[in-house]
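Novice: What follows is a single structure, and I will ask about it in a moment.
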Amino acid sequence: MGEFMSFISNNFADFWSYTGFANAGYEHFIMILVGLFFLFLAIKKDFEPMLLIPIGFGILIGNIPFKIDAGLEVGLYEEGSVLNILYQGVRTGWYPPLVFLGIGAMTDFSALISNPKLMLVGAAAQFGIFGAYMVALALGFEPNQAAGIAIIGGADGPTAIFLSSKLSPNLMGAIAVSAYSYMALVPVIQPPVMRLLTTKKERLIRMKPARQVSHTEKVMFPIIGLLLTCFLVPSGLPLLGMLFFGNLLKESGVTRRLADTASGPLIDSITMLLGLTVGASTQASEFLTSSTLYIFFLGFMAFIIATASGVTFVKLFNLILPQSKKINPLIGNAGVSAVPMSARISQTVGLEYDPTNYLLMHAMGPNVAGVIGSAVAAGVLLGFLI
């Protein structure tokens, strides 16, 4: 009987040593709370659930404690594990171009084609990226790391993942979570900046309806856009090439099935895997560092600078525009790449001051320009630092 009890006791002790309870540290519970907070924001507050639910649940998965030296092959960073295989799409950077393919197939560039000067607003918003880059350098980050952090200012999660996978893979988890967090918090972060930098008179500016864009123009735009941007910044080809390819599938009119696949099942599948694996990459041992706090601070600052740059640029641009062609500065915030979230914020804030002034279609111009601009900015940084 004594031997039997000893056998049971020893086996139970072995079993217990493999459980999460035996291997848990306070860091795991901190990260689990972060994951639960993301799920709360997504489910209760409806903050970008398509992004935050995969990421939040991924954080839970990535922070289930287990015996590291047991050879279980369940952790994201264990070679050969299922999560590690799924994470290859993030680590090697092939998830983001597929997301851009889907974005291109969903995006209507008509607002930008009909009013090309709105491209300048999207370009101005990229100052947030380069401003944060200089601050990150001043704080002691290496140039490659600073570039990965700064791209958060473009409010483009796939671009941030793509660039950080090439330049600063050790910071990629924190950069990706930061980028997607601030994308989801667009409705909270941007309106106060927009109100602070505009007057009541400026918020009431009415813009002329956009002209009708022909089918030929829509077909030519992705072709010309690809040639112009990628001749200028060849290192941006993986993102820009897929973005314009997806848009051509949509606008050609003869590849509807391919466009529907790219904008539906493909991007949905990749978004799930991308969010889940990015969330799972935030294991406490890798994520809870002083660098992570700096990254979130710099990402927030970059996002504020980008929003302010877009709004301020419109105000300055209006000084040289005739009265009939002035631009409402409230669409300046849409120069960041968070499509179509930031354009909706332009509309929402505008309607607060004039319930009949619809800014959404005008805001889509700088918004889609911001997608192109952030990819170009990533290409510039990659070209200089790779």
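Novice: With a Förster radius of 41 Å, plug the Cβ-Cβ distance of F384 and E27 into 1/(1 + (r/R0)^6) and report the FRET value to the nearest 0.05.
Specialist: Step by step, r from the Cβ atoms, then E = 0.70.
Novice: For the stretch 46-90, state the semi-axes of the equivalent ellipsoid (square roots of 5 times the eigenvalues of the alpha-carbon gyration tensor), sorted largest first and rounded to whole angstrom. Intermediate values should be presented prior to the final figure.
Specialist: On the way: eigenvalues 117, 34, 5 Å².
Result for the stretch 46-90: semi-axes of 24, 13, 5 Å.
Novice: Which order do R256, R203, R195 take by accessible area at a 1.4 Å probe, largest first? Please report the intermediate quantities before stating the final value.
Specialist: On the way: R256 115, R203 30, R195 80 Å².
Solvent-accessible surface, decreasing: R256, R195, R203.
Novice: Compare the Cα positions of M194, G75, V376 along the charge dipole of the chain (+1 at Cβ of Lys, Arg; -1 at Cβ of Asp, Glu; about the Cα centre) and return the one farthest towards the positive end.
Specialist: Among M194, G75, V376, the one farthest towards the positive end of the dipole of the chain is M194.
Novice: Which of P265, P322, P96 ends up with the largest GNM mean-square fluctuation for the chain, with Cα atoms connected below 10 Å?
Specialist: P322
Novice: Among M194, M220, M106, determine the one that fluctuates most according to a GNM of the chain built with springs between C-alpha atoms less than 10 Å apart.
Specialist: Comparing M194, M220, M106 in a Gaussian network model of the chain, the most mobile one is M220.
Novice: In terms of the Cα gyration tensor, with a ≥ b ≥ c the square roots of its eigenvalues, is the stretch 179-228 rounded because a/c is under 1.5, prolate because a/b exceeds b/c, or oblate?
Specialist: Oblate shape, in that a/c is at least 1.5 and b/c is the bigger or equal ratio.
Novice: Treat the stretch 231-386 as a sphere of radius equal to its Kirkwood radius over Cα pairs and apply Stokes-Einstein at 20 °C in a medium of 1.002 mPa s; give the translational diffusion coefficient in µm²/s, rounded to a whole number. Walk me through the numbers before you get to the answer.
Specialist: Working: Rh = 18.4 Å.
Roughly 116 µm²/s, to the nearest whole number.
Novice: Per-residue ellipticity at 222 nm for the chain, helices alone: DSSP H runs ≥ 4 residues times -39500 (n - 2.57), over residue total, nearest 500 deg cm²/dmol? Write out the running numbers ahead of the final one.
Specialist: Working: 22 runs with 272 residues, N = 386.
For the chain, the value works out to -22000 deg cm²/dmol.
Novice: Let me ask something else about it. What is the gain in length, in nm to one decimal, between E142 and I43 on full extension, counting 0.36 nm per residue of separation less the C-alpha to C-alpha distance?
Specialist: Taking E142 through I43 to full extension adds about 31.9 nm, to one decimal.
Novice: Are there DSSP H segments in the chain that both extend 30 Å or more along their axis (alpha-carbon positions) and score a mean Kyte-Doolittle hydropathy of at least -1.0? List them, or say none.
Specialist: TM-like helix candidates: 290-318, 360-385.
Novice: What do you reckon, how do K166, K315, K44 stack up by accessible area (1.4 Å probe), largest on top?
Specialist: Result, largest first: K44, K166, K315.
Novice: Computing the accessible area with a 1.4 Å probe over protein heavy atoms, can you report the carbon and sulfur percentage for the chain?
Specialist: 70
Novice: In Å and from the alpha-carbon atoms only, list the Rg and Dmax of the stretch 204-279.
Specialist: Rg, Dmax (Cα atoms, Å): 16.0, 44.
Novice: Which residues make up the longest stretch of the chain that has no GluC sites (Glu not before Pro) in a DSSP loop with at most 12 other Cβ atoms within 10 Å?
Specialist: The reported range is 80-386.
Novice: Right, here's the next one. Using only Cα atoms, locate the centre of the stretch 247-299 and the centre of the stretch 354-386, then give the distance between them in Å, rounded to an integer.
Specialist: Distance between centres, Cα-based: 17 Å.
Novice: What are the chymotrypsin sites (Phe, Trp or Tyr not before Pro) within the stretch 179-238 that DSSP puts in a loop, where the Cβ has at most 10 other Cβ atoms within 10 Å?
Specialist: none
Novice: Run the quick spin-label model on E73 and S290: label points 7 Å from Cα toward the beta carbon, then report their separation in nm to one decimal.
Specialist: Once both label points are built, they end up 3.9 nm from each other.
Novice: Still on this structure: Could I get the Rg over Rh figure for the stretch 49-145? Both from C-alpha atoms, Rh via Kirkwood, rounded to two places.
Specialist: The Rg/Rh ratio comes out at 1.11.
Novice: What shape does the stretch 142-299 take by its C-alpha gyration tensor, where a ≥ b ≥ c are the square roots of the eigenvalues and a/c under 1.5 counts as rounded, a/b above b/c as prolate, and the rest as oblate?
Specialist: Oblate, since a/c reaches 1.5 and b/c is not below a/b.
Novice: Sort D46, D268 by accessible area with a 1.4 Å probe, largest first.
Specialist: Result, largest first: D46, D268.
Novice: Taking a probe of 1.4 Å, how large is the accessible area per residue of the stretch 223-292, in Å²?
Specialist: Heavy-atom SASA per residue in the stretch 223-292 reads 47 Å².
The values are calculated or read from the model by the stated rules, or taken from the named source; none is laboratory data. Because the structure is a prediction, the values reported are computed rather than measured. For neighbour counting, all protein chains shown are included, and Cβ atoms are generated from backbone atoms with ideal geometry for every residue, glycine included. The protein model used for the area step is the full one, side chains on, heavy atoms only, and it has no ligands, DNA or RNA in it. Shrake-Rupley method; radii C 1.70, N 1.55, O 1.52, S 1.80 Å.
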